[in-house]
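First comes the structure, then the notes that go with it.
Read-outs throughout are calculated quantities, based only on the coordinates presented, and are distinct from any laboratory measurement. Quick caveat, the model's predicted, so the values are computed rather than measured. Cβ placement follows ideal geometry from the backbone for every residue including glycine, while neighbour counts extend to all protein chains displayed.
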Amino acid sequence: MDYDAIIIGGGACGLMCAVQAGLLGKRTLIMERNEKPGAKILISGGGRCNFTNLYTSIDNFVTQNPHFLHTAFSQWTVEDTISFFENFGNIQGQEKTLGQLFPTTNKAKDIVAVFTKLMYDTAQDIWLNTFVKTVQKQENGAYALTYERDGKEGRIVTPKVVFASGGLPVAKLGASDFALRTARQFGLQVITTAPALVPLTITGKDAEWYASLAGNSVFARVYNEQISFEENILFTHWGLSGPAILQISSYWKAGESFTIDLLPKFRLDECIKQERQSGGKRTIGQLLSDYFTRKMVDALGKYLPIDLKIASLSKQDAKLVSDTIHKFTVKPAGDKGYDKAEVMRGGISTEELNPRTLESKKHAGLYFGGEAVDITGWLGGYNFQWAWASGYLIAQDL
């Protein structure tokens, strides 16, 4: 059990770290609390795993220090990710929506299989069903880990420890705050965490209106003062979901509002103008039915005079119609929490880590990667690219 490092967590970052260390002739041990590795990889992208994004840049991440990513993404690029899976797993990528790259087999388990085979080939060890309880620094600079494995307590000492144990989503997949708690124990700053890429809830007087539209999906532009996303939104019994909502949730805080353009590809004032030129015999509802489902048009009747003929529309009413469709304001009550979130926002401050190695500046031999760090990607493969890159960086220094 003479390991160069122990890696806590057998997810994307931990697996990449172990195999990259193995390719350099080092020996590592992954301690994974689940009964199999890559639990979050296996459910990603609906079980198909969008393993990177062709358009990855630092602009696709939420962090207090975006420039920190320059080093990681210059050492491990999207092209490196693609080459890695092609060379070691014969996995070809196929682009889906907005640069998302999926394996042509559409099977997330094929991604995990690349790592399990490489770990075997490079003699890396993995202990499953192993729960790490504490990490303590010894006087000689090494680290002592206590753990529980198959109901038995144990202790192991190692010169280096890698925290690749993820963040707080999703509890049933073994998520915990262990990396955050340990970072605080070692005196490292942790940026306040919150669920990200998460559905948002609506309560109060508007709740029934949203619930009445449950199941309706609309292509929209969702925006606030910081950012804008054009993708589908989905109405649910408890509020809003869908890709555009998940994206904006990473830039939203409780008490804030954002705006939805329900018809981003058209100008409703121009549509009304054209209708007038044709006589304006149709009603507002009939015009809107060109773009929305019947259920959506009926629901919009709460805010708009949908039975009014366009010829009779006053300037004030025309503005109301246009503003309601293009500037629909939403003030969520909250979010669906970590169990429904794709990732965690916040985490261990990048100011605490060496950008080239992700080693703690205060404690030699202590590394943090993946979701535990204050780097949160957009929906669509960006978080995997950070996980692979961070695992690679750490491995070079073990």
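Summary of values
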read-out: Ascending count of other beta-carbon atoms within 10 Å, so fewest first, for 73, 258; value: 73, 258
read-out: Under the span-like rule (Cα at least 15 Å along the axis, Kyte-Doolittle mean at least 0.0), DSSP H helices of the chain; value: 12-23, 78-89, 108-121, 382-396
read-out: Neighbour-count ranking [beta-carbon atoms within 10 angstrom, fewest first] of 76, 127, 378; value: 127, 76, 378
read-out: Net charge over other residues, Cβ less than 12 angstrom from the Cβ of residue 364 (K, R count +1; D, E count -1); value: +2
read-out: Cα-based reach from residue 107 at 15 Å (exclusive), listing aspartates and glutamates while leaving out same-chain residues under 8 positions away; value: 86, 95
read-out: Distance from region 264-337 to region 131-154 (C-alpha centre basis), Å; value: 62 Å
read-out: Spatially proximal aspartates and glutamates relative to residue 361 (Cα-Cα < 12 Å; intrachain offsets below 8 disregarded); value: 351, 352
read-out: Selection of GluC sites (Glu not before Pro), region 181-256, meeting DSSP coil and at most 10 other Cβ within 10 Å; value: 225
read-out: Sequence-distant lysines (8 or more away, or on other chains) whose Cα lies within less than 18 Å of residue 315; value: 273, 281, 327
read-out: Modelled FRET efficiency - R0 41 Å, residue 267 with residue 171, Cβ distances, 0.05 increments; value: 0.35
read-out: Region 200-335, relative contact order [Cα under 8 Å, separation at least 6], %; value: 30 percent
read-out: Residues with amide H under 5 Å from that of residue 232, placed H, sequence gap 5 or more; value: 220, 244
read-out: The chain: calculated mean residue ellipticity at 222 nm from DSSP helix runs of at least 4, using -39500 (n - 2.57); value: -8500 deg cm²/dmol
read-out: Contact order relative to length of the chain, as percent, for alpha carbon pairs under 8 angstrom and 6 or more apart; value: 24 percent
read-out: Pairwise centroid distance, computed over Cα atoms, of region 1-69 with region 85-116, Å; value: 15 Å
read-out: Amide H partners (placed H, <5 Å) of residue 30, local residues excluded; value: 7, 125, 126, 127
read-out: For peptides 384-391, 238-245, 169-176, 263-270, sequence by mean Cβ density within 10 Å, most packed first; value: 384-391, 238-245, 169-176, 263-270
